[in-house]
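Down below is the structure, laid out as C-alpha cells.
The values are calculated or read from the model by the stated rules, or taken from the named source; none is laboratory data. This structure is a prediction, so every number in the text was calculated from the model and none was measured. Quick reminder, even Gly has a Cβ in these numbers, built from the backbone with ideal geometry, and neighbours come from all protein chains shown.
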Amino acid sequence: MAGLARSLGDLFEAFRAEAFRLETLDDYSRSGSVAAYGLFRDGQEKPADYNADWLEEVKAHVDAGRRMYRVHILTRPLTPYLRFELGWGYVTNATAGEEFFILDVTDRPHPLPAVGDFWLFDSVTAAPMRYGPDGEFLGADVLPDDRGSEHVTYRDTALANAVPFADWWARHGE
C-alpha cells in the first residue's frame, strides 16, 4: 500500500489479506449506530436491517478470502453501551464472518495500558483512531508503513491475551 494517498476508506478498499481493529473504549455511543443505540436503551427490538451496510462490506471481504477481526479490551461490569455493542453489534457482525475476541482486564493486569484504538491493514499500515472526551469519533491518522510493526506487536499482544468472543459472551454476556 506504500506510495498511495490513503484515508481509512482507501485502506478498506485496498487491503489484501486482513484488517484488524483494537477497541479500547467502553462507550462509542456518539461515534456510530446512534439511532440503534437509542432503540437498544429504550428496550426495543433490533431492526432487521441493523448494520446492513457493514455486514455487506464484511461479507464481501470475507467471501474474497480477506480476514476481518478485532479485539476489544474491557472490564466488567459492562457499560450500557458495551452491552449494546457486544449483544447487537458483535453477534450480528459475526454472521457476516467478522471475528471477535475479548481481552477482559477486570481481574488481571492490562497488557497494553497506553495503547488506543487502531485499525491495522495487512500487518503493514496502521491507522490510530481519535476520539473526543465524550466518545465522538474525530478521525483516523494513517501512519507511514514503517510504523506498522509496533501495531503488529500490539495486535499480537492483544490476541495472545484474549479469548474468542463467543466463549466470553457465554460466560459473561448480559
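Could you check segment 1-102 for helices (runs of 4 or more DSSP H) lying wholly inside it with 1 or more residues that are more than 16 Å from Phe165 (Cα to Cα)? Once the helices (runs of 4 or more DSSP H) in segment 1-102 are filtered for at least 1 residues that are more than 16 Å from Phe165 (Cα to Cα), what remains is 8-14, 34-41, 52-63, 80-84.
Considering only segment 94-135, how many residues are of a type in the set (Gly, Ala, Ser), over 21 Å from Asn51 (Cα atoms) and surrounded by fewer than 18 Cβ atoms within 10 Å (Cβ to Cβ)?
Keep residues of segment 94-135 that are of a type in the set (Gly, Ala, Ser), which gives 94, 96-97, 114, 116, 123, 126-127, 132, 135.
Add one more test, that the residue is over 21 Å from Asn51 (Cα atoms), and what stays is 114, 116, 123, 126-127, 132.
When the remaining residues are screened for being surrounded by fewer than 18 Cβ atoms within 10 Å (Cβ to Cβ), the result is 114, 116, 123, 132.
So the count comes out to 4.
Is it fair to say Leu103 is touching a strand residue (DSSP E or B) at 6+ places or on another chain (Cβ under 8 Å) and either at pLDDT below 95 or over 23 Å from Lys59 (Cα atoms) (or both)? In short, yes.
Give the residues of segment 33-53 that are surrounded by fewer than 13 Cβ atoms within 10 Å (Cβ to Cβ) and closer than 27 Å to Phe121 by Cα, sorted by residue number.
Val34, Ala52, Asp53
Where residues in segment 58-73 are among the basic types (Lys, Arg) and in contact (Cβ under 8 Å) with a residue 40 or more places away in the chain, which of them is nearest to Arg155 (Cα to Cα)? So, considering only residues that are among the basic types (Lys, Arg) and in contact (Cβ under 8 Å) with a residue 40 or more places away in the chain, the one nearest to Arg155 (Cα to Cα) is Arg70. Among the residues of this structure, Ile102 does not count as one that is touching a residue at least 24 places away in the same chain (Cβ under 8 Å) and touching a Leu at 6+ places or on another chain (Cβ under 6 Å).
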